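Everything below concerns the one structure shown next.
Nothing in this text is a laboratory measurement; each read-out follows from the coordinates by a stated rule. Treat the numbers as computed from the prediction; the structure is a model and nothing was measured. Cβ placement follows ideal geometry from the backbone for every residue including glycine, while neighbour counts extend to all protein chains displayed.
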Amino acid sequence: MKELLWLVWQNPKSRKKYHVGNLLYVADDGYYFEYDKTNKPRGLQEAIKNGFVTFFAFPDLSKSYYSPFMFHAFSRRLPNKERPDYNSLLQLYGLTSLSHEMEILRVTKGKTATDSFELVSPLLMNEGMFKVDFYIEGWRYYDGEKSLDTLENDQELILVREPDLKHDKYAVKILTTDGAHLGYIPAVYAEFFSTLLKEDQFVRMTIKAINKHGIPQMKVLVHVTGVLPLNLREKYPNLLFPTQHNLEYT
């Protein structure tokens, strides 16, 4: 089993996000970290031009790092197991004490209040097909709570571009088939999906899991699939962010 998370850096001034590194877990082996070497748009090289230096624990941009255990730079981003409310906190995230460290990082994004990094799941690509799971963002501000009891697993949802939104021209809102506004696609994926919708590409989103007692940003997990045709990959090279090739696609 392999599990990959992307290390994403956000420029504090422009607010643009860049894929700068990869954290890979291989079962019965350990953890690997290396910086992005693809030279793609919104990758490491572009991040460096826009102010990125290094992720402090990994000073060599050309080196591949290995550890049989989770790197401290990432384990420190996990919830503290000594907290008296640790198990309750995991429950709020839809997790349990048996949840793997990579799953906890994926769900919590490994965010801290002291830097501009987060960990996200890449969109996995295989022969033009893509897939990704993520939680609906902005849940608390729209119709999510009012609609929660009507939602169910495998329910299809609708994606609608919102290009006139002041703070994000790539915003894509998520609706139920009867028009309830549940929230938005996470910003790191927004340009990808907004462009596909603009080009009239079909994107399928279904509910994968519902955690009625979770925190607002972890209430509903969705599964998204679709096609990125070759002509669009050539027309919009930025769509390669945030996609990931060459990983198990099952």
Two pseudo-spin positions, 7 Å from Cα along C-beta at E152 and at E199, lie apart in nanometres by 3.6
Taking every alpha carbon pair in the stretch 66-210 and sorting the distances into 10 angstrom bins from 0 up to the bin holding the longest one, the percent per bin comes out as 9, 33, 35, 19, 4
The stretch 201-240 scanned against label point 7 Å out from N87 along Cα→C-beta; backbone N under 19 Å for 213-215
As straight-line cross-link partners of K63, the qualifying aspartates and glutamates (C-alpha separation under 12 Å, not fewer than 8 residues apart within one chain) are E34, D36
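May I ask you to derive the relative contact order of the chain, considering only C-alpha pairs under 8 Å and at least 6 residues apart, and to give it as an integer percent? Walk me through the numbers before you get to the answer.
Numbers: 456 pairs, mean separation 48.1, N = 250.
Relative contact order, the chain: 19 percent.
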The answer for the per residue Cα convex hull volume of the chain, in Å³, is 141
Rounded to whole angstrom, the alpha-carbon centroid of the stretch 77-153 lies from that of the stretch 6-24 at a distance of 18
With only helices counted (DSSP H, runs n ≥ 4, each -39500 (n - 2.57)), the per-residue ellipticity at 222 nm for the chain, to the nearest 500, works out to -4500 deg cm²/dmol
